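Below you'll find the structure, written out as structure tokens, and then a few comments.
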Amino acid sequence: MRAASFLPRSPLLSPLRWMVRPLAALLLPLLVAGCAAYPLGLDDTTTGADTRRLNDVTYSPEDWPEVLQADIHLPFTPDDPSLRPAALVVHGGGWQRRSREDMDAIAARLAQRGFVAINIDHRFAPTYRFPAQLHDLQQAMHWLHDQAERYRIDTDRIIGVGYSSGAHLLSLLAVIDPDNPLDRPHGGPEARLAGVLAGGTPTDLLKFDDGRLLKDFIGGTQAERPERYRLASPLRQLGKMAPPFFFFHGSADGLVPVEHAEDFQAALRDRGVATRLERLALRGHYTAFLSAGPAIEAGLDFLEQQLGSP
């Protein structure tokens with residue numbers, strides 16, 4: 001049986017309303033706890049004694065089809081010359097809406113944990129179709145390498161952190177082998193991630209019915225473009241190379257069913273890749289994001305253990 005069409009109506013790929021209403025009273029404490037785990041309302045320049053933020057930094061090349069920007073969240077460690085891990089942060093929105101502001105609090109938390117976090121925007125479908133968005137992420141990775149000396153980045157410890165369609169793009173980026181056609185022309189060694197923290201992740205686009213968002217993203221239905229659906233599915237592109245993955249997923253997600261994470265995790269384990277899945281009980285797609293604080297912390301603990309010391 002196929003999952004529901006990937007057709008969100010509300011921000012951040014909200015789940016079906018009928019699922020949210022009966023659970024609202026039960027979920028409210030979880031939502032408050034999850035949101036409170038992250039500092040909101042951050043200033044444009046300084047977010048506190050231990051982090052700094054640089055707004056609207058252009059990361060795309062001069063000849064790129066669209067100017068793309070990011071906010072850079074930095075640990076404030078002027079007396080520590082050591083290299084720091086980094087995180088490429090990508091928002092959700094069905095590949096065609098929302099902005100990096102959705103991931104602002106998570107990026108700030110990453111900086112508090114010692115990561116240089118680059119919270120990016122990317123091009124939107126249907127104006128730009130797959131693999132344009134993946135190419136944007138690859139350019140962001142090249143930018144991170146170019147800026148490594150300036151921001152004291154350990155380029156062997158760059159992770160990806162994303163939710164929903166953002167997690168999909170990061171997962172795909174992470175599993176691309178050198179012989180994969182998606183590694184050309186903008187990939188290469190600098191586009192490799194050392195780990196992924198992914199929430200509400202669509203891992204196999206062929207599991208969905210034909211919906212508007214997918215048709216806009218891919219450029220047609222599954223019957224019309226089956227190979228492009230396979231090429232855009234992280235599960236179906238998983239080769240010999242993959243970094244550690246931490247997934248979190250709402251157990252009641254009616255938009256992106258938890259089997260997407262389960263199947264991907266099983267495939268990673270078959271290849272001997274370190275992986276963990278945290279199921280968020282009674283939470284749908286939107287509520288899992290709003291209450292993701294503890295899962296983000298657990299994911300960072302997991303990845304820091306895998307990455308080790310510089």
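Structure above, values below:
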{"read-out": "Flag if residue 167 is under 24 Å from residue 214 (Cβ atoms) and not in a helix (DSSP H, G or I)", "value": "no"}
{"read-out": "Residues of the range 106-134 satisfying the condition of being of a type in the set (A, V, I, L, M), crowded, with 21+ Cβ neighbours inside 10 Å and either farther than 25 Å from residue 256 by Cα or over 12 Å from the mean Cα position of the chain (by Cα) (or both)", "value": "108, 110, 111, 116, 117, 118, 125"}
{"read-out": "Residue 98 vs. criteria at negative phi and touching a residue at least 60 places away in the same chain (Cβ under 8 Å)", "value": "no"}
{"read-out": "Tally, over the range 131-164, of residues that are of a type in the set (Asp, Glu) and either closer than 11 Å to residue 87 by Cα or assigned to a strand (DSSP E or B) (or both)", "value": "2"}
{"read-out": "Cβ pairs under 7 Å, 6+ apart, first in the range 214-243 and part of a loop (DSSP other than H, G, I, E, B), second of a type in the set (Gly, Ala, Ser)", "value": "225/219; 238/267; 242/174; 243/174; 243/194; 243/195"}
{"read-out": "Any hit, the range 114-126, residues being out of contact with any Leu (no Cβ under 8 Å at 6 or more places or on another chain) and over 22 Å from residue 302 (Cα atoms)", "value": "yes"}
{"read-out": "Members of the range 194-213 found to be within 22 Å of residue 123 (Cβ to Cβ), in a helix (DSSP H, G or I) and among the hydrophobic types (A, V, I, L, M, F, W, C), listed by number", "value": "205, 213"}
{"read-out": "One residue from 252, 261 being touching a residue at least 12 places away in the same chain (Cβ under 8 Å), open to solvent by less than 50 Å² (accessible area, probe 1.4 Å) and in a loop (DSSP other than H, G, I, E, B)", "value": "252"}
{"read-out": "Residue 211 being more than 16 Å from residue 87 (Cβ to Cβ), touching a residue at least 40 places away in the same chain (Cβ under 8 Å) and touching a Phe, Trp or Tyr at 6+ places or on another chain (Cβ under 6 Å)", "value": "yes"}
{"read-out": "Residue count, the range 71-99 (criterion: of a type in the set (Asp, Glu) and surrounded by 17 or more Cβ atoms within 10 Å (Cβ to Cβ))", "value": "1"}
{"read-out": "Single unsatisfied condition, residue 155 versus (1) within 22 Å of residue 246 (Cβ to Cβ); (2) open to solvent by 20 Å² or more (accessible area, probe 1.4 Å); (3) out of contact with any His (no Cβ under 7 Å at 6 or more places or on another chain)", "value": "(3)"}
{"read-out": "Cβ pairs under 8 Å, 6+ apart, first in the range 149-168 and modelled with pLDDT under 95, second open to solvent by less than 20 Å² (accessible area, probe 1.4 Å)", "value": "none"}
{"read-out": "All positions within the range 271-281 that are without any contact (Cβ under 8 Å) to a residue 12 or more places away in the chain and closer than 24 Å to residue 208 by Cα", "value": "none"}
{"read-out": "Residues (free of Cβ contacts under 8 Å to residues at least 40 places away in the same chain and of a type outside the set (Gly, Ala, Ser)) located in the range 101-131", "value": "101, 124, 127"}
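The values are calculated or read from the model by the stated rules, or taken from the named source; none is laboratory data. Note that the coordinates shown come from a computational prediction; the quantities given were computed from them, not determined experimentally. As a convention, Cβ positions derive from the backbone with ideal geometry for all residues, glycine included, and neighbour counts pool all protein chains shown. Areas reflect the complete protein model, heavy atoms only, side chains present, ligands, DNA and RNA absent. Shrake-Rupley method; radii C 1.70, N 1.55, O 1.52, S 1.80 Å.
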